[in-house]
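Have a look at the structure below before the remarks.
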Amino acid sequence: QEDGTVWFACQNQADQTMPVPLAGSVDVNSNVRMLDLPDGDWAKLRGYVGSIACSSDGQRVVVTSPRGGVALDINTARQSIMKAHYSPDVCGVSVHGGSLLLTSGVGNVGGQSHNISFDNHVSAFRMG
């Protein structure tokens, strides 16, 4: 994000019945802060985050879980989910301004179906 904070996502290969935080940030002073969501929200990800993207101001972070079939759109200031987007095999995510783009391994791009698969590599860029 603009202030130099880096967001990261994790995977939990241990006990899936024990939800743990799977995303957080590191600021320019090397302070690590995990997102503080209720266990039930972390459980939706089924121990796996495929991609993470944040808004330039860091107020919005989206994590995807193809294993859970969900993307969680998180307000970082409130430490709460603004919206859960359910889609089979969702993994790719890009946040640009107020826009959100999600892709999946079953051909969904931005809510439209295509006869091709997408993985977790999605980026926003300005043309022209």
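Observations on the structure shown:
- Scope the range 56-92; condition in contact with a Ser or Thr (Cβ under 9 Å, 6 or more places away or on another chain) and part of a loop (DSSP other than H, G, I, E, B); matching residues: Gly58, Gln59, Pro66, Gly69, Thr76, Ser87, Pro88, Asp89
- Val109 open to solvent by less than 70 Å² (accessible area, probe 1.4 Å), at pLDDT below 95 and within 20 Å of Val122 (Cβ to Cβ): yes
- Near pairs, Cβ below 7 angstrom, 6+ apart or cross-chain, from the range 48-77 (of a type in the set (Asp, Glu)) to any residue that is open to solvent by less than 10 Å² (accessible area, probe 1.4 Å): Asp73/Val62
- Of all residues in the range 18-29, those that are of a type in the set (S, T, N, Q) and modelled with pLDDT of 95 or more have Cβ atoms under 7 Å from Cβ atoms of residues that are open to solvent by 60 Å² or more (accessible area, probe 1.4 Å) and in a strand (DSSP E or B), 6 or more apart or on another chain, in Ser25/Val6; Ser25/Arg33.
- Between Gly40, Gly24, the distinction of being under 15 Å from Phe8 (Cα atoms) and either open to solvent by less than 60 Å² (accessible area, probe 1.4 Å) or assigned to a loop (DSSP other than H, G, I, E, B) (or both) belongs to Gly24 only.
- Within the range 1-53, restricting attention to residues that are of a type in the set (Asp, Glu) and out of contact with any Asp or Glu (no Cβ under 9 Å at 6 or more places or on another chain), the residue that is farthest from Asp89 (Cα to Cα) is Asp36.
- Residues that are farther than 20 Å from Tyr86 by Cα, touching a helix residue (DSSP H, G or I) at 6+ places or on another chain (Cβ under 9 Å) and either hydrophobic (A, V, I, L, M, F, W, C) or open to solvent by less than 60 Å² (accessible area, probe 1.4 Å) (or both), drawn from the range 1-21: Asn12, Met18, Val20
- Test set (1) in contact with an Asp or Glu (Cβ under 8 Å, 6 or more places away or on another chain); (2) surrounded by 22 or more Cβ atoms within 10 Å (Cβ to Cβ) - His85 fails condition number: (2)
- Test result for Thr103, open to solvent by less than 20 Å² (accessible area, probe 1.4 Å), in a strand (DSSP E or B) and touching a residue at least 24 places away in the same chain (Cβ under 8 Å): no
The values are calculated or read from the model by the stated rules, or taken from the named source; none is laboratory data. Since the model is a prediction, treat every value here as computed from it, not as a measurement. Heads up, the Cβs are rebuilt from the backbone with ideal geometry, glycines too, and the neighbour counts pull from every protein chain shown. SASA here: full protein model, heavy atoms, side chains in, ligands and nucleic acids out. Shrake-Rupley method; radii C 1.70, N 1.55, O 1.52, S 1.80 Å.
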